[in-house]
Amino acid sequence: MSYTKLLYHIVFRPRKSQPVITESHEKMLYRYIWGIVQTKGGVLHRIGGMPDHIHLFVGLPPTLSLSGFMHDLKISTHRFLRAHPEEFPDFEAWGKSYCALTCSDSAKEHVVNYIKNQKAHHQNTSFEDELSSLFQANRVEADVNGFLSEI
């Protein structure tokens, strides 16, 4: 028997980082995403974000590829958001890229609290600076500006 615990901190955004996820309707979207995670056999440990990006902390089964999960998540939520134009009138599409970082179980509480405190965190920190810090802390060699400029 194999034993796994695959935990991911995932960050993704609307196309061009448009601020299209209003605080008054974000819970509607978050509940929908929770349903997708459950349907895929995963566990949603925390979800949160800002109008221009979303953070997920999920445990995924080893039979599900991360890229397949993100593909399905973006397609499903795209359809959901387009089906709710009154709540999400400015949503066009998701950005092409996403950031997914693996996490140890011992870091779980830290990541959950980080996502829980997004609104307070972004009173002093831009999304660009946040991504830059995440990339540096996880030794991800990526161009933040390239990530943000991709469709």
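The values are calculated or read from the model by the stated rules, or taken from the named source; none is laboratory data. Here the structure is a predicted model, which means the values were calculated and not measured. For neighbour counting, all protein chains shown are included, and Cβ atoms are generated from backbone atoms with ideal geometry for every residue, glycine included.
Computed quantities for the displayed model
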| quantity | calculated |
| --- | --- |
| Matching residues, segment 28-54, being within 14 Å of the chain's Cα centre (by Cα), charged (D, E, K, R) and not in a strand (DSSP E or B) | Arg31, Asp52 |
| Subset of segment 55-70 (residues that are surrounded by fewer than 18 Cβ atoms within 10 Å (Cβ to Cβ) and assigned to a helix (DSSP H, G or I)) | Leu66, Ser67, Gly68 |
| Segment 5-20, subset over 14 Å from the mean Cα position of the chain (by Cα) and modelled with pLDDT of 90 or more, residue surrounded by the most Cβ atoms within 10 Å (Cβ to Cβ) | Val20 |
| Phe80 buried (at least 17 other Cβ atoms within 10 Å of the Cβ), assigned to a loop (DSSP other than H, G, I, E, B) and either under 12 Å from the mean Cα position of the chain (by Cα) or modelled with pLDDT of 95 or more (or both) | no |
| Extreme residue, modelled with the highest pLDDT, among residues of segment 123-151 that are assigned to a loop (DSSP other than H, G, I, E, B) and touching a Gly at 6+ places or on another chain (Cβ under 9 Å) | Glu150 |
| Filter result for Val20 (over 20 Å from Leu134 (Cβ atoms) and in contact with a strand residue (DSSP E or B) (Cβ under 9 Å, 6 or more places away or on another chain)) | yes |
| Residue match in segment 93-102 (condition: β-branched (Val, Ile, Thr), part of a helix (DSSP H, G or I) and either surrounded by fewer than 17 Cβ atoms within 10 Å (Cβ to Cβ) or touching a residue at least 24 places away in the same chain (Cβ under 8 Å) (or both)) | no |
| Selection within segment 119-142 - farther than 20 Å from Gly59 by Cα and either touching an Asp or Glu at 6+ places or on another chain (Cβ under 6 Å) or surrounded by 16 or more Cβ atoms within 10 Å (Cβ to Cβ) (or both) | His122, Phe127, Glu130, Leu131, Ser132, Phe135 |
